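Rule-based calculations on the coordinates, nothing more; no lab input. If you're wondering where the values come from, they're calculated on a predicted model, not measured in any experiment. Cβ placement follows ideal geometry from the backbone for every residue including glycine, while neighbour counts extend to all protein chains displayed.
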Amino acid sequence: MPIPIAPIAGVVLRYGAVALATYAASRAIQPGRLDQRVEDAMDEIAEGVSLRNADEQVNAAMRWKRTLRMTRSGKGIEVDAIGMGRIRVRRVS
């Protein structure tokens, strides 16, 4: 019995387009840089959300650190998510 090509061709085209787009995006992205001062600042952030208001800017920081396990005694992964942001508003004349 012959294999129907039409359904397979649609799947191949769809996955091929995704693979091509992923390859093109990975080639276009510039490699990031590692700044040890920023890494040290992120390590010092306390868990939870903090907000600080200065004269002309508002700073916010968030840290969420958890260990996720599939079973109570099984191996797990540690997730340490940190978000920092700054919004600065200045009057311009």
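Here is a yes/no grid of residues against (1) under 17 Å from the mean Cα position of the chain (by Cα); (2) over 21 Å from Ile87 (Cβ atoms); (3) of a type outside the set (A, V, I, L, M):
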position	(1), (2), (3)
Pro2	no, yes, yes
Ala6	no, yes, no
Ala17	no, yes, no
Asp40	no, yes, yes
Ala60	no, no, no
Lys65	yes, yes, yes
Leu68	no, yes, no
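For the residues Arg37, Arg14, the requirement of being more than 30 Å from Val79 (Cα to Cα) and part of a helix (DSSP H, G or I) singles out Arg14.
Residue count for the range 42-52 under the criterion of being without any contact (Cβ under 8 Å) to a residue 24 or more places away in the chain and not in a loop (DSSP other than H, G, I, E, B): the result is 6.
Beta carbons closer than 6 Å, at least 6 apart along the sequence or on distinct chains, pair a first residue in the range 66-93 that is loosely packed, with under 10 Cβ neighbours inside 10 Å with a second that is of a type in the set (Ser, Thr, Tyr) for Glu78/Thr67. Taken as a whole, the condition of being aliphatic (A, V, I, L, M) and either in a strand (DSSP E or B) or surrounded by 10 or more Cβ atoms within 10 Å (Cβ to Cβ) (or both) applies to Ala21.
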